[in-house]
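Notes follow once the structure below has been shown.
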Ligand SMILES: [Zn+2]
């Protein structure tokens with residue numbers, strides 16, 4: 001059961017990372033998942049808003065066959081790769097340590113590093129805000145480890 005929870009957290013965190021992956025280079029606000037402020041999930045080319053199953057992590061890849069259902073543009077495979085790789089690391093983390101206080105902070109760091117390299121792969125630059133968040137998370141984890149073992 002905990003195994004499933006860990007995998008689900010991985011997919012959800014990975015899915016959240018794709019929002020940043022899309023929006024940081026465009027300097028769009030990050031609050032878009034709430035429908036009141038910002039935008040609902042939408043196709044970045046034709047702007048058509050997406051139905052629930054069209055942006056659901058990983059499964060959306062099956063329902064849309066890697067293309068937008070409205071304009072047919074190919075969806076960047078990095079979205080699915082971010083979700084699947086974060087899930088994979090979440091499972092590894094669970095196998096290594098189980099779910100403890102380090103799980104959320106380690107998963108966030110994994111997410112942040114995944115995002116950093118995905119953005120580097122796409123745009124050939126490291127985004128300062130993602131580097132800063134990664135360093136902060138690493139500091140938090142070192143602090144947690146120190147606290148745990150002394
Ligand atoms: Zn479209």
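List of remarks:
- 0 to 90° range, to nearest 10: angle between helix 78-97 axis and the chain longest Cα axis: 20 degrees
- When the chain is treated as a GNM with alpha-carbon contacts under 10 Å, the residue of 14, 47, 66 showing the greatest mean-square fluctuation is 47.
- Value at 222 nm in deg cm²/dmol, rounded to 500, when DSSP H runs of n ≥ 4 in the chain each add -39,500 (n - 2.57): -21000 deg cm²/dmol
- Top of 116, 107, 92 by mean-square fluctuation, Gaussian network on the chain, Cα under 10 Å: 92
- Nearest-ten-degree value, helix 2-23 long axis tilted from longest Cα axis of the chain: 60 degrees
- Entry note, the chain: relative contact order of 27 percent, from Cα contacts under 8 Å with a spacing of 6+ residues.
- Degrees separating the helix 102-123 axis from the principal Cα axis of the chain, which is the longest one: 40 degrees
- Taking other C-beta atoms within 10 angstrom as a stand-in for reagent exposure, 123, 146, 22 fall in the order 146, 123, 22, fewest first.
- Point-to-point label distance, residue 101-residue 124, nm (Cα→Cβ direction, 7 Å offset): 4.5 nm
- Each residue in 130, 139, 45, 11 was given a count of other beta-carbon atoms within 10 angstrom of its own, and listing them fewest first yields 139, 45, 11, 130.
- Sorted by Cβ density within 10 Å, fewest first, the residues 19, 86: 19, 86
Read-outs: derived from the displayed coordinates by stated rules, not from any lab. Everything numeric in this text was worked out from a predicted model, so none of it was measured. So basically every Cβ, Gly included, is an ideal-geometry build from the backbone, and we count neighbours across all protein chains shown.
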